[in-house]
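Report on one structure; see the data block that follows.
The values are calculated or read from the model by the stated rules, or taken from the named source; none is laboratory data. As the structure is a prediction and not an experimental result, all values here were calculated from the model. Cβ placement follows ideal geometry from the backbone for every residue including glycine, while neighbour counts extend to all protein chains displayed. Heavy atoms of the whole protein, side chains included, go into the accessibility calculation; ligands, DNA and RNA do not. Shrake-Rupley method; radii C 1.70, N 1.55, O 1.52, S 1.80 Å.
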Amino acid sequence: MFAFAFLWGLAEATLFFIVPDVLLSLLALRDRRRAWVACGYAVAGAVLGGALMYAWAVHDPVQVRSVLISIPAISPDLLDQVRAQLDDWGYASLFAGAFSGVPYKLYASEAGAAALPLAGLLIVTIPARALRFVLVVAVVNWIARRWLGGWTQNQRKAVLLAGWIVFYGGYFSVMARLN
């Protein structure tokens, strides 16, 4: 399961568009500590994915932008917004992105295209990604224990997956209107 969390973190930091929070929240239904360990693996995958996106953007920023805008919910305007955030706030903007629905891969690629320091990106990636992952695990585990304590594991999973479907339906709808 931990290797899967690492791979999901890597995939979402590059070209995949479903966040590792889905897997982490599923793990949190049963075992908060195991889910927190998985958070570490997902963060490690994100760090590697961020480094790859950064390097690719340093090498060929035009191709990276072209590929990124083919991913659902990503537009040239969103990439421009990320670049402006990086210009204004530096790597602190990764924290805003983590909670605003802006994919991390955009920050990594725009940082590479702007030739910002790679070390700074990787260092800030760790707390920026970990904060959201840990919060998701804590909230889902708390809800599972507090409100769904008498439910079966399959019932909990069904509720959680339905929640993710609703979340992504809303997310893609909003992003389509914004882009």
Check your understanding: List, please: which pairs have Cβ atoms under 6 Å, are six or more places apart or on different chains, and start with a residue in the stretch 83-99 that is of a type outside the set (Val, Ile, Thr) and end with one that is in a helix (DSSP H, G or I) and open to solvent by 60 Å² or more (accessible area, probe 1.4 Å)?
Key -> none
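Residues that are at negative phi, assigned to a loop (DSSP other than H, G, I, E, B) and in contact with a Leu (Cβ under 8 Å, 6 or more places away or on another chain): does the stretch 149-171 have at least one? Please lay out each step first, then the result.
Narrowing the stretch 149-171 to residues at negative phi: 149-171.
Still in the list and also assigned to a loop (DSSP other than H, G, I, E, B): 149-152.
If we keep only those that are in contact with a Leu (Cβ under 8 Å, 6 or more places away or on another chain) as well, we get none.
No, every residue in the stretch 149-171 fails to be at negative phi, assigned to a loop (DSSP other than H, G, I, E, B) and in contact with a Leu (Cβ under 8 Å, 6 or more places away or on another chain).
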**Study point:** Candidate set: the stretch 144-162, residues that are of a type in the set (D, E, K, R) and under 15 Å from residue 31 (Cβ atoms); chosen: the one farthest from the chain's Cα centre (by Cα)
**Key:** 145
Exercise for review: Working only within the stretch 25-44, note down all residues that are within 16 Å of the chain's Cα centre (by Cα) and open to solvent by 20 Å² or more (accessible area, probe 1.4 Å).
Suggested key: 26, 36, 40, 41, 44
Exercise for review: Could you grab me the full set of residues in the stretch 13-24 that are buried (at least 24 other Cβ atoms within 10 Å of the Cβ) and assigned to a helix (DSSP H, G or I)?
Suggested key: 13, 24
Exercise for review: Within the stretch 45-74, track down each residue that is aliphatic (A, V, I, L, M), open to solvent by less than 50 Å² (accessible area, probe 1.4 Å) and over 28 Å from residue 169 (Cα atoms).
Suggested key: 51, 57
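Could you check how many residues of the stretch 101-148 are outside any helix (DSSP H, G or I) and crowded, with 17+ Cβ neighbours inside 10 Å? Give the steps one after another, and end with the answer.
Going residue by residue through the stretch 101-148, those that are outside any helix (DSSP H, G or I) are 101-103, 114-117, 147-148.
Keeping just the survivors that are crowded, with 17+ Cβ neighbours inside 10 Å gives 102-103, 116.
Residues meeting the conditions: 3.
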